[in-house]
Amino acid sequence: MNGFFDIPSDLQHSWSGLIGLHLREALLPVAAGLLLALPLAQLCVRFRRLYPPVLGATTVLYAIPSLAFFVVLIDYTGQSELTVMIPLAVYSLVVLVPAIVDGVRSVPGETLAAATAMGFGPVRRYLQVQLPIAAPAIVAGLRVATASSISLVSVGALIGNQGALGNLLAAAQKYDRPELAVNAVLTMAALAILCDALLVLLRTLLTPWMPRGTRRPRPAARSRRPEPEAATR
Amino acid sequence: MIRIDSVTKRYPDGTVAVDRLSLDVPDRSITVLVGPSGCGKTTTLRMINRMVEPTEGTILLDGEDIRRRPVTDLRRSMGYVIQNAGLFPHRTIVDNIATVPRMLGWGRQRARKRAAELMERVGLDTSLAERYPYQLSGGQQQRVGVARALAADPPVLLMDEPFSAVDPVVRKGLQDELLRIQEELGKTIVFVTHDIDEAVKLGTMVAVLREGGRLAQYASPAELLSAPADGFVEDFLGADRGIRRLSFLSSAALELTTDAVVPADASAERIAASGARYLLVTDPDGRPLGWAEPGELIAGDIRTDRLLPHGRPFVPGADSLRVALDCAVLSPTGWAVAVDAGGRVTGVVSQQAIGEAIRAAHARGRTDQAGVAP
């Protein structure tokens, strides 16, 4: 009963069950963060003065240690998965908002002006021009958020065993089975690398329009003059 | 017709970009707005498709205030070409060109077929259709920009310094292409540039704007060059406007002489009889071979390899006086060689004779202007 994959029964999950749980606790918050970040970033792009305070506020949230965050939330959401996922969603949001804002702002001025001049309304322009061109930056943000989320889930082990694979760390101490800790670390690392690879693949599929090799949009057309104010209307 | 009626654009900080500008843009012609940076030319252009709203004044399109139409409808009825093309980097060339037709509800197949037609019209190989913009050169991207603007066959084309960011050789090609397309399609084009040479080359009418968005002069290129309204326009036209103006004068009226033209097999009498200081030797078909002094020519045995080069010839009527003068200046003898469309010599003309023609043309121009003075 001392095998690498023999999970103590008090965790109530098999190894693969823990993986599924871990992915859910890590990725749902990233998805939620993305859904919140998209409109928030668009507001920041549209109303420039909103961006610095939003950036400041999210940075402060990011500075709160996850453990403190969990403890505060326990009063409201108890020792549940939700208590783990809310802080992770907030952290994702903090990473994604600047990524999306920078991505959307990187759209060349001429491209925006041309879209406006061709009769794109603001919504169509956002969905069909700004967002697709910002896709590489958004995926880059998602990679950071996903990796950090997968590692942070394990802290949930401290609040009522909601840490999925992280619970193995506690179990390793409790039962003096260090191989369980090794299992937890390796599995989490593998999950993080796998998710990252999938995101890289996603970006490749989303951006056939980027120069091969560099994988960076080459602004073949860069403005030499500042654009008149109307360009971004 | 686009009528810009005492339009002013004042920004909240008090800057005046355009100041009581009035301008009638005639149909089916190229109207160029030209001036130094900060003269409001781009602002003026962007007021026509309401990317900038005027503070005062109105703009009428075929008699109707442009504010009475939904703004996206208005914009879709006007092609827009911008500096550096402003292509959508994430869409293929064919999808870039098909953008407006697709927005207007055309089917995918029809829009793509139209895009392919336009690629040919602007001189792009249709094999580029599925490429992305980054795979094209700057000049090719700009052609795509023009094709995209033409896609829905809008009556009006707005062009904002479209050729400023490409090198001079490519720019000349694009300019010639635009003139050719305009000849075929007859759009109402408003063209913004800071390059007076481009303005003079492309414009049917040229509006020169000065800093602060005021109109300095609105005239045809020939009139602009011959009668600049004031010192600002004269400065802006540059030092060689006299020479450039010759581009608008025909070389048809030049008096050619054939006395100094001899065939390679000319007799001694023919050579002696010419009396000219230099003789132009032609081959049996009448094509120019080169210049020689009469004394160097031996009848029946003219050494064509010893001749002075004849330089570039001009075609009277087809070429301007500027070209004829250039040929004479570049010729080692000071005489320009005139040929017909087939390249056969029709005569030669001296710098002095071209000078006479220029003076005569100027004199005619003055009386013409006096006759039609507004």
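The values are calculated or read from the model by the stated rules, or taken from the named source; none is laboratory data. Note that the structure is predicted; figures quoted are calculated from it, not measured. Cβ placement follows ideal geometry from the backbone for every residue including glycine, while neighbour counts extend to all protein chains displayed. Ligands, DNA and RNA are excluded from the accessible area calculation, which covers all protein heavy atoms including side chains. Shrake-Rupley method; radii C 1.70, N 1.55, O 1.52, S 1.80 Å.
For the range B:83-148, the helices (runs of 4 or more DSSP H) that sit wholly inside it and include 2 or more residues that are away from chain A (no Cβ under 14 Å) and basic (Lys, Arg) are B:108-121.
Select from the range B:54-70 the residues that are open to solvent by less than 50 Å² (accessible area, probe 1.4 Å) and within 14 Å of chain A (Cβ to nearest Cβ) and list them in ascending order.
Of all residues in the range B:54-70, those open to solvent by less than 50 Å² (accessible area, probe 1.4 Å) come to B:54, B:57-61, B:65-66.
Within the range B:54-70, B:54, B:66 qualify.
Sub-9 Å Cβ pairs linking a first residue in the range B:111-136 that is under 23 Å from residue B:171 (Cα atoms) to a second residue that is outside any helix (DSSP H, G or I) and of a type in the set (Asp, Glu), at least 6 apart or interchain, are B:119/B:125, ordered by first then second residue.
If you go through the range B:158-168 one residue at a time, do you hit one that is open to solvent by less than 10 Å² (accessible area, probe 1.4 Å) and among the acidic types (Asp, Glu)? Don't jump to the end; show me each part of the working.
Initially, the range B:158-168 is screened for residues open to solvent by less than 10 Å² (accessible area, probe 1.4 Å), giving B:158-163.
Checking the rest, the ones that are also among the acidic types (Asp, Glu) come to B:160-161.
Yes - at least one qualifying residue is present in the range B:158-168.
Of the helices (runs of 4 or more DSSP H) lying entirely inside the range B:228-298, those containing at least 2 residues that are within 30 Å of residue B:35 (Cβ to Cβ) and open to solvent by 30 Å² or more (accessible area, probe 1.4 Å) span B:231-237, B:241-245. Take the conditions (1) of a type outside the set (Gly, Ala, Ser); (2) away from chain A (no Cβ under 14 Å); (3) open to solvent by 50 Å² or more (accessible area, probe 1.4 Å); residue B:175 misses just one of them, which is (3).
Residue B:333 satisfies every condition listed in (1) modelled with pLDDT of 90 or more; (2) closer than 25 Å to residue B:264 by Cα; (3) surrounded by fewer than 19 Cβ atoms within 10 Å (Cβ to Cβ) except (3).
Could you identify the single residue in A:78, A:119, A:33, A:103 that is on the phi > 0 side of the Ramachandran plot and either surrounded by 14 or more Cβ atoms within 10 Å (Cβ to Cβ) or of a type in the set (Phe, Trp, Tyr) (or both)?
A:119
Within the range A:36-71, if we keep just the residues that are of a type in the set (Phe, Trp, Tyr) and open to solvent by 40 Å² or more (accessible area, probe 1.4 Å), the residue that is nearest to the chain's Cα centre (by Cα) turns out to be A:62. The range A:63-140 holds helices (runs of 4 or more DSSP H) entirely within its bounds, and those carrying 3 or more residues that are within 14 Å of chain B (Cβ to nearest Cβ) and more than 21 Å from residue A:28 (Cα to Cα) map to A:109-117, A:122-125.
Let me confirm something: among B:115, B:111, B:152, which residue is over 28 Å from the mean Cα position of the chain (by Cα) and buried (at least 22 other Cβ atoms within 10 Å of the Cβ)?
Details: B:115 fails: over 28 Å from the mean Cα position of the chain (by Cα); B:152 fails: over 28 Å from the mean Cα position of the chain (by Cα).
Going through B:115, B:111, B:152 in turn, just one is over 28 Å from the mean Cα position of the chain (by Cα) and buried (at least 22 other Cβ atoms within 10 Å of the Cβ): B:111.
In the range A:185-221, the residue that is modelled with the lowest pLDDT out of those that are more than 7 Å from chain B (Cβ to nearest Cβ) and over 24 Å from the mean Cα position of the chain (by Cα) is A:219.
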